[in-house]
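In what follows, a structure is listed as structure tokens, so that the remarks can point back to it.
The values are calculated or read from the model by the stated rules, or taken from the named source; none is laboratory data. Model, not experiment: these values are computed from the prediction. Here the Cβ positions follow ideal geometry from the backbone for every residue, glycine too, while neighbour counts run over all protein chains shown. What goes into the accessible areas is simple: the full protein's heavy atoms, side chains included, and nothing from ligands, DNA or RNA. Shrake-Rupley method; radii C 1.70, N 1.55, O 1.52, S 1.80 Å.
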Amino acid sequence: MSSDGAQQDGTGGGTAEGRTVRVVLVDDHRMFRTGVQAEIGETGRTGVEVVGEAADVDQALTVITATRPEVVLLDVHLPGGGGVEVLRRSAAMMTDTERPVRFLALSVSDAAEDVIGVIRGGARGYVTKTITGTDLVNAVFRVADGDAVFSPRLAGFVLDAFASTDAPPIDEDLDRLTQREREVLRLIARGYAYKEIAKQLFISVKTVESHVSAVLRKLQLSNRHELTRWAAARRLV
């Protein structure tokens, strides 16, 4: 997550009103959670209190149920079923009229199906991990107030999806891939080197290689050039 951009003055948007928003971080990368905590979790400055963390679906449900935060920062790709599964199993808490738990997706992915999937699942917004700390704090407060928040280029995906009454076509080839494999596929198709993908996704180069091999095998392709053409033909790049 980028730390550039305008700095907050004083104690930040939340504490200026004497208010604190309680937040749970759900992401399977500990280093990323640590970075977000450092960026937004100084309650006296930002008005955000991080009350729990989780690295997979089951942990997320346990922590969210125990702490009942106002906002959950939710990664899309998680072990155990992904962010959509967390949303599905949190439906009762989202619709609680007295203490609703609201979800803001925070992900490296900017793929239309990921954005639309979590919004249909009940998330109040979707921002990418390039967001600045200041903007993320603002997004947290807006979601806590019931607003919808999106990174600028992602809002169009949502508008297009909900303006259409037709269900999106099912791509059986794409459905063979796991969420993480789709993520690697898009980055490969965009020309990223293995080391760059590893850094972007907080995984090892060896893990990237394993995912690429799995994608090529499942799609019956021979190399990354064929993979790039396959992704471009489906407008995944």
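For the stretch 112-127, filtering for residues that are within 23 Å of R68 (Cβ to Cβ), open to solvent by 10 Å² or more (accessible area, probe 1.4 Å) and not small (G, A, S) leaves 2. Pairing residues of the stretch 136-164 that are closer than 18 Å to T20 by Cβ and surrounded by 12 or more Cβ atoms within 10 Å (Cβ to Cβ) with residues that are of a type in the set (S, T, Y) and at pLDDT 75 or above, at Cβ distances under 8 Å and at least 6 apart in sequence or on separate chains, gives V137/T46. Among the residues making up the stretch 194-237, those that are hydrophobic (A, V, I, L, M, F, W, C), on the phi < 0 side of the Ramachandran plot and under 20 Å from the mean Cα position of the chain (by Cα) are I197, A198, L201, I203, V208, L236, V237. Of the residues examined, E85 is not one that is more than 24 Å from L154 (Cα to Cα) and either open to solvent by 40 Å² or more (accessible area, probe 1.4 Å) or within 17 Å of the chain's Cα centre (by Cα) (or both). Applying the criterion of being out of contact with any Leu (no Cβ under 9 Å at 6 or more places or on another chain) and of a type in the set (K, R) to the residues of the stretch 28-54, the residue that is farthest from V76 (Cα to Cα) is R45. Screening the candidates S90, S109 for the property of being modelled with pLDDT of 90 or more, crowded, with 17+ Cβ neighbours inside 10 Å and hydroxyl-bearing (S, T, Y) yields one hit, S90. When the stretch 28-66 is filtered for residues that are open to solvent by less than 70 Å² (accessible area, probe 1.4 Å), within 17 Å of T128 (Cα to Cα) and either part of a helix (DSSP H, G or I) or at pLDDT 95 or above (or both), the ones remaining, listed by number, are F32, R33, G35, V36, Q37, E39, I40. Against the condition open to solvent by 30 Å² or more (accessible area, probe 1.4 Å), farther than 14 Å from R153 by Cβ and not acidic (D, E), how does T130 come out, does it pass? No: the conditions fail for T130. Exactly one residue out of L221, L216, L201, L236 is open to solvent by less than 80 Å² (accessible area, probe 1.4 Å) and in contact with a His (Cβ under 9 Å, 6 or more places away or on another chain), and it is L201. Pairs meeting the criteria (first residue in the stretch 186-203 and more than 13 Å from L227 (Cβ to Cβ), second residue small (G, A, S) and outside any helix (DSSP H, G or I), beta carbons under 9 Å, at least 6 apart or on different chains) are A198/S204.
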